[in-house]
Amino acid sequence: MASPSTETSPAFWSLGNGRGEIANGLVDHHDGQAPWVEVETVYSAISRGTEALVFNGQVPESEYQRMRAPFQQGDFPGPVRFGYMNVGRVTTGPVDLEGQTVFCLFPHQRRYRVPVSAVTRLPTAVPPERAVLAANMETAINGLWDGAPLVGDRIAVVGCGVVGCLVAWLASRIPGTRVVAVDPNPRRQPVLASLGVACVTTLERDDHDLVFHTSGHPSGLDAALSVAGNEARIVEMSWYGRQAVPATLGGAFHSRRLTLRSSQVGQISPRQASRWNHGDRMALALSMLAEPALEALITGESAFEELPTVMPELARGASNTLCHRIHYS
């Protein structure tokens with residue numbers, strides 16, 4: 001096979017100052033030796049929380065290396081080609097993959113080549129339009145692994161972006177659980193209802209065994225702490241970039257013997273790491289997307305060429321946006 005080249009294809013670049021542009025990105029991201037595939041992108045999607053921080057230049061310098069996306073080009077604060085929700089069709093590669101639709105943790109770019117190991121074939125029951133949710137589902141799965149919910153647990157999910165909705169949906173499928181989602185935006189309630197999960201704007205009960213915080217706002221962490229019962233676990237799934245996060249660790253935090261722990265998708269949860277790898281987890285995430293009701297999490301769509309004008313709006317926090325899909329027709 002040929003060595004990696006300097007061939008390029010149109011890609012979206014975040015400049016790190018609240019602006020972006022379409023410019024050329026490298027096509028080749030393989031070593032020229034291992035089996036590789038060429039993929040033509042059909043859909044990508046915007047991971048609003050993380051991509052907004054990147055777009056606005058809010059990645060702390062201490063995290064420049066740890067925050068790199070798998071096929072990132074450029075360096076923080078920017079210009080940087082960043083993203084990890086890409087669904088495409090294999091145009092060149094091993095015979096069993098040619099013509100197949102795959103998911104890859106690749107940024108917003110029309111065409112690219114990566115090792116075969118970097119792509120996951122979509123299950124037949126999962127349409128490409130919905131498969132853009134795979135990275136969010138993977139994050140939600142890892143969060144549940146970290147939280148280790150039990151049969152019958154009383155579970156609260158504070159913050160109902162895409163990841164929060166998926167966490168609540170997955171948790172509600174565990175027998176006997178009582179799951180409630182909490183979000184100040186009442187527009188989230190019909191979305192959660194379509195997933196079979198109750199959603200409220202405020203929550204007074206403080207008897208929860210397990211609480212997930214997924215809002216991305218510092219005030220949400222205090223809300224999560226306030227609804228946790230005695231000896232409860234709080235799983236912090238938000239990432240704040242440079243933003244300082246005050247947390248009320250006085251009050252009942254110690255008397256209730258609460259446990260606060262982080263969850264981040266970059267590593268497999270220690271509970272599963274000895275038996276699962278990243279490929280296994282991604283295959284599981286894609287299989288879970290066979291549920292048609294999850295289509296409700298995709299609330300908008302734009303053409304690839306519109307990204308420079310769409311991304312600033314999303315980075316400002318459009319109140320009713322969950323997953324915004326990009327098409328490459």
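Bear in mind that the values in this text are calculations on the coordinates, not laboratory data. Because the structure is a prediction, the values reported are computed rather than measured. Note: ideal-geometry Cβ built from the backbone for every residue, glycine included; neighbour counts use all protein chains shown.
Summary of computed values
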quantity	calculated
For the range 138-262: rounded, prolate or oblate by the Cα gyration tensor [a/c cutoff 1.5]	rounded
C-alpha long axis of helix 278-288 to longest principal axis of the chain, angle in °	70 degrees
Summed residue charge, Cβ within 12 Å of GLY266's Cβ, Lys/Arg positive, Asp/Glu negative	+1
Extension gain (nm, one decimal) between ALA193 and SER5, 0.36 nm per residue minus Cα-Cα	62.8 nm
The chain: most fluctuating residue of GLN272, GLN189, GLN58 per GNM, C-alpha cutoff 10 Å	GLN272
Computed label-point distance, nm, for sites GLU291 and THR124 using a 7 Å Cα→Cβ extension	2.3 nm
Rel. contact order, % - alpha carbon contacts under 8 angstrom, at least six apart, the range 196-316	18 percent
Directionally averaged projected area (convex hull, Cα atoms, the chain), nm²	16.5 nm²
Dipole magnitude (debye, nearest 20) for the chain, charges at Cβ of Lys, Arg, Asp, Glu	520 debye
Label point at GLU40 placed 7 Å out along Cα→Cβ; residues across the range 280-322 whose backbone nitrogen lies under 17 Å	304-305
Charge dipole of the range 74-171 about the Cα centre (unit charges at C-beta), most positive-ward option of GLY164, PHE82, TRP145	PHE82
For the range 138-262: relative contact order, % (alpha-carbon pairs under 8 angstrom, 6 or more apart)	23 percent
Charged-residue dipole, Cβ positions (Lys, Arg, Asp, Glu), the range 138-262 about Cα centre, Debye nearest 20	100 debye
Estimated [θ] at 222 nm from DSSP helical runs (n ≥ 4, -39500 (n - 2.57)) normalised by residues in the chain, nearest 500	-6500 deg cm²/dmol
Highest-fluctuation residue, LEU284, LEU195, LEU166 considered, GNM on the chain with Cα pairs under 10 Å	LEU284
Low-density loop positions, GluC sites (Glu not before Pro), the range 216-323 - DSSP coil, at most 15 other Cβ in 10 Å	none
Those residues of the range 205-231 whose amide nitrogen sits under 19 Å from the label point placed on GLN243, 7 Å along Cα→Cβ	212-226
Of ARG111, ARG233, ARG256, the one that fluctuates the most in a GNM where the chain has Cα springs shorter than 10 Å	ARG256
VAL151-ARG89 FRET efficiency (beta carbon distance; Förster radius 51 Å; 0.05 resolution)	0.80
Relative contact order for the chain, counting Cα pairs under 8 Å that sit 6 or more residues apart, in percent	19 percent
Cα centroid separation - the range 1-68 against the range 232-306, whole Å	22 Å
